[in-house]
Structure formats: structure tokens, C-alpha cells
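Taking it in order: structure first as C-alpha cells, then the write-up.
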Amino acid sequence: MIAYTIIFISIPVLVAPSGDSLFRSALLRTILTVCVIGLLFGAATYIDKRPIRSFGLEIDGRWGVDALVGLIIGGAIPTVATVLGLVGGWMTVSGVEYTPTATYLRDLGFAIVITVGIAIVEELVFRGYVLSNAIEGLNFRWLSQPVRVGTALGLSALLFALTHPAPELVNGLHFLCAGLLLGLAYLCSGQLALPIGIHAGFNFVSAYVFPTAADPSVAVLSLTVHGPSWLTGQTGFIPLVLQFPAALAIIGYIWWQTGDFGISPTVKSRNLEG
């Protein structure tokens, strides 16, 4: 985590500004993703003494399906939040920004790189590495398995929330619940595809499809927000509440896939047995 923090802080300082802000952000995220994958590989090899695929990267035919379902679940949260905001009169559509020009499509590509890069990096770190190691590290005889897993999930979610800016209490609660939601997706599926998809879907739709920022770099719909930011913002109360039906959607999907619901046998074999 110390090495990750150093890399995260250093890269924006070492990479000189060039081109537009979207290009630079995409470049920074690409470099960070490569560095974190290298860092995780080194940690897996020299600290954990196990292959990197054991951190939720056992890629098979189901991986793509999980990622796609995750994109739908994650993207549905800000989509429904926007619909509720429009119905409630807290925001209005000021214009349709989508124009299929070469510049717009280029910027949209940069936006995809940024959101996918963020999702990959944070899920590798907080779910793949931190949550897995927290489960193993809490292997005490006096701790039951449910308490052990629940405590590890809470610790990883808390650490995830602490690394995100939260000017108001509701924003902090949003990130804490998001950490729990993404951790649930990882524990139940046994792989990082589902949480990566959820993370990327939420970030992309909330930041670039229905952005509530005053001056979004790329947008499909331009929104004018009338309601308070704590209610209608990207990390406001409405998206926070919508994480609960998203959790039910995760449970339903896992049940449909496996016919059961609980901690994935893959996670059990890696972290809970022995």
C-alpha cells in the first residue's frame, strides 16, 4: 500500500502536461495501470509467494460475461439517479451534446481509457490484494468464518473510502458503501471481472454520459442541476441509496449463474481453507 501510494502521487508529478487534459489523464491512468500490475506481480511473487492470477485474475470464458453484467449494474445506478433527478425536478436537460465528430469520438475514447483504468487499478488494489490478504491475515482460531470475512470486507471498504475525497458525510458513506458493494461482487463471484465492470460502468455513466459537473469534458447529455449536491451529485444520497438494489442485482446474478449464493468456492480455496 505504501508503494502504491508513492506511485499514485509520483506519476502526475513526473509526467509533464502535454496535449489536452483528457489525453493527459488517459496517459496517467495507463501508466498507473501498468505500474500497479507490475507492483502486484512483484508482491505476489516475493511477498505472497503465489501466482498473480490468485488475486481474482483467473480469466476464463465467464470473465467477459461478468464484466458485461457489471457494466450494466454499475451504469444503471447513475442512470436511475438521473431519471429520479429529472422526475423530482432537481435537474433538467439543457442539451444533447453527442455529436459523432472525430474530436468527440477521440475524447470519448480517452474517457473510456480513464474510467477503465481507474476501475482496474482500484479493484486490483482494494479487492484483489487488500481484501484477499485481510481475509488471510485475520485467520485467528477465535474468529468464525463469517466474522473473519465480514471484518476483512469492512476494512477493505474503509480503506477504499479513506482514499477518496469526501467533502460531506454523505460522500464518505457513498464510498464506504461502494467498497462494500464491490467487495460483495468479488467475494461472491471469486473474480475481479464483476467489480471491475461495476466500477467502470458507474464512473463512465456518471462522469461522461449524465455528468452533473459544471463543465464536463465529454458528455452525452448536458444537465443543469437545481437540487443540492449532497442529494443529486455523483456521490450524493440518491446514488448511495441505489447501491442497495444494485447489491440485490449482484445476488440475483450470482444465484442465476451458480444456483447458490455465498462466498465463491474460488475465494474459499484461496483464502479460507487451511
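The values are calculated or read from the model by the stated rules, or taken from the named source; none is laboratory data. Predicted model only: the values in this text are computed from it and were never measured. Note that we place each Cβ from the backbone using ideal geometry, even for glycine, and neighbour counts take in every protein chain shown.
Contact map, the range 138-167: first residue within 16 Å of L181 (Cα to Cα), second residue of a type outside the set (D, E) and in a loop (DSSP other than H, G, I, E, B), Cβ cut-off under 7 Å, separation 6 or more or different chains; pairs are V149/I263; T151/L138; A152/L138. Hey, among I77, I52, which residue is closer than 17 Å to H199 by Cβ and either at pLDDT 90 or above or surrounded by fewer than 21 Cβ atoms within 10 Å (Cβ to Cβ) (or both)? Criteria check complete, one pass: I77. All conditions in (1) farther than 22 Å from L86 by Cβ; (2) free of Cβ contacts under 8 Å to residues at least 40 places away in the same chain; (3) assigned to a helix (DSSP H, G or I) hold for Y253, with the sole exception of (2). Looking only at residues of the range 80-115 that are at pLDDT 90 or above and either assigned to a loop (DSSP other than H, G, I, E, B) or touching a Cys at 6+ places or on another chain (Cβ under 8 Å) (or both), we find that the one that is nearest to I198 (Cα to Cα) is W90.
The set of residues in the range 136-178 being assigned to a helix (DSSP H, G or I), among the hydroxyl-bearing types (S, T, Y) and within 30 Å of S229 (Cα to Cα) consists of S156 alone. Of the residues making up the range 32-79, those that are part of a helix (DSSP H, G or I) and among the β-branched types (V, I, T) are T33, V34, V36, I37, T45, I52, V65, V69, I72, I73, I77, T79.
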